[in-house]
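Participant: If you scroll down you'll find the structure; I have some questions about it.
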Amino acid sequence: MNLMLTNPPMPDIPAYSQAGNECALFETAWTRQLPLLLKGPTGCGKTRFVGHMAAKLGLPLSTVSCHDDLAAADLTGRYLLKGGDTVWVDGPLTRAVREGGICYLDEVVEARKDVAVVLHPLTDDRRILPLERTGEVLNAPPGFMLVVSYNPGYQNLLKTLKPSTRQRFVAIEFDFLPKDREIAVVSAESGLDEARVAPLVELARRLRALKGHDLEEGVSTRLLVYCASLIDAGLAPKEAVRSAMIEPLTDEPDVRSALLELASAVIR
Ligand SMILES: Nc1ncnc2c1ncn2[C@@H]1O[C@H](COP(=O)(O)OP(=O)(O)OP(=O)(O)O)[C@@H](O)[C@H]1O
Ligand SMILES: [Mg+2]
């Protein structure tokens with residue numbers, strides 16, 4: 001009999017290049033039932049990291065993009081009219097608490113203040129979610145984990161987390177990858193070879209140095225991937241750089257011309 005060994009099918013794990021020890025930290029926080037706060041600039045890999053870890057640990061992932069109109073009831077649930085009856089419908093946070101798995105609140109500082117009231121008992125040692133409207137108090141199962149993220153850079157001062165909220169999370173600070181690693185990631189994500197990605201990353205690093213002076217945010221890894229994808233699809237590098245690395249950064253004509261000048265010194 002031919003006993004050919006076949007590899008078991010691997011679930012699709014989104015590729016993630018680790019900057020430090022964050023994968024092990026995530027896993028330990030998960031094991032110890034600690035909530036996690038990710039902070040860092042836009043497009044540096046926070047969402048990708050959470051997707052990667054959820055898939056690696058085999059956990060369901062429910063992501064909520066917070067905005068300034070998002071209220072606690074959008075997370076917990078509400079009574080809705082269905083065929084003449086009023087029925088309670090769980091929100092994404094309640095579903096995740098009932099079923100276990102990761103609930104990821106992206107840009108959590110954007111949400112309304114009443115969201116903190118819901119998060120507090122869930123993110124200390126009580127690990128409970130009281131549902132005022134139904135009278136239930138849900139105990140989060142060991143399989144539940146709350147992950148939140150925000151970008152401390154461009155939020156206005158009023159929109160930071162209160163200490164009593166921040167101090168309920170284990171926090172990881174994200175930044176852009178070191179040069180060689182970022183080149184490898186952008187190349188793998190876009191299909192453009194590393195030699196052609198290298199000058200784009202060099203330009204991004206120079207543009208990032210302008211953050212705080214003329215720019216509120218530097219070029220993200222996300223924009224680098226866009227730019228490399230355009231070039232891989234046949235667009236001229238200068239045109240791709242303008243559309244994917246300069247125009248999204250600023251609306252100021254003066255700043256734009258200065259950035260284009262900087263770009264033309266690096267990208268020929
Ligand atoms: N470490 C990394 N490994 C693999 N890909 C990465 C990494 N960092 C960034 N990327 C690439 O950059 C893209 C943007 O990353 P992601 O969406 O995770 O950023 P983010 O930090 O969540 O940004 P935002 O704060 O705007 O939501 C990803 O889709 C991926 O292509
Ligand atoms: Mg994100």
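The values are calculated or read from the model by the stated rules, or taken from the named source; none is laboratory data. Quantities reported herein were computed from a predicted structural model and do not represent experimental measurements. Here Cβ is always computed from backbone atoms with ideal geometry, including for glycine, and neighbour counts include all displayed protein chains.
Participant: From the set of residues in the range 19-62 that are in a loop (DSSP other than H, G, I, E, B) and more than 13 Å from ligand 1 (Cβ to nearest atom), which is surrounded by the most Cβ atoms within 10 Å (Cβ to Cβ)?
Facilitator: Checking each candidate, the answer is Pro35.
Participant: Of all residues in the range 207-222 being surrounded by fewer than 15 Cβ atoms within 10 Å (Cβ to Cβ) and on the phi < 0 side of the Ramachandran plot, which is nearest to ligand 2 (Cβ to nearest atom)?
Facilitator: In this case the residue turns out to be Glu216.
Participant: So is Leu210 without any contact (Cβ under 8 Å) to a residue 60 or more places away in the chain and in contact with an Asp or Glu (Cβ under 9 Å, 6 or more places away or on another chain) or not?
Facilitator: No, not satisfied.
Participant: Checking Ala72 against (1) within 23 Å of Gly101 (Cα to Cα); (2) touching a strand residue (DSSP E or B) at 6+ places or on another chain (Cβ under 6 Å), which single condition isn't satisfied?
Facilitator: Result: Ala72 passes all but (2).
Participant: Before we move on, is Pro14 modelled with pLDDT of 95 or more, surrounded by 11 or more Cβ atoms within 10 Å (Cβ to Cβ) and over 28 Å from Ser190 (Cα atoms)?
Facilitator: The answer is no for Pro14.
Participant: Right, next: Cβ contacts < 9 Å: first residue surrounded by 18 or more Cβ atoms within 10 Å (Cβ to Cβ), restricted to the range 159-178; second residue of a type in the set (Asp, Glu) and outside any loop (DSSP other than H, G, I, E, B), any location; separation 6+ or different chain. Result?
Facilitator: Ile172/Glu22; Phe174/Glu22; Phe176/Glu182
Participant: Give the range 106-131 a look and list any residue that's in a loop (DSSP other than H, G, I, E, B) and either in contact (Cβ under 8 Å) with a residue 60 or more places away in the chain or within 16 Å of ligand 2 (Cβ to nearest atom) (or both), or say none.
Facilitator: Glu107, Ala111, Thr123, Arg127
Every residue, every condition in (1) buried (at least 17 other Cβ atoms within 10 Å of the Cβ); (2) at pLDDT below 90; (3) in contact with a strand residue (DSSP E or B) (Cβ under 6 Å, 6 or more places away or on another chain), yes or no:
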{"residue": "Glu107", "(1), (2), (3)": "yes, yes, yes"}
{"residue": "Val115", "(1), (2), (3)": "yes, no, no"}
{"residue": "Pro121", "(1), (2), (3)": "no, no, yes"}
{"residue": "Asp124", "(1), (2), (3)": "no, no, no"}
{"residue": "Thr134", "(1), (2), (3)": "no, no, yes"}
{"residue": "Pro142", "(1), (2), (3)": "no, no, no"}
{"residue": "Met145", "(1), (2), (3)": "yes, no, yes"}
{"residue": "Val148", "(1), (2), (3)": "yes, no, yes"}
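Participant: Can you find a residue that is farther than 30 Å from Leu36 by Cβ, of a type in the set (Lys, Arg) and without any contact (Cβ under 8 Å) to a residue 24 or more places away in the chain anywhere in the range 240-263?
Facilitator: yes
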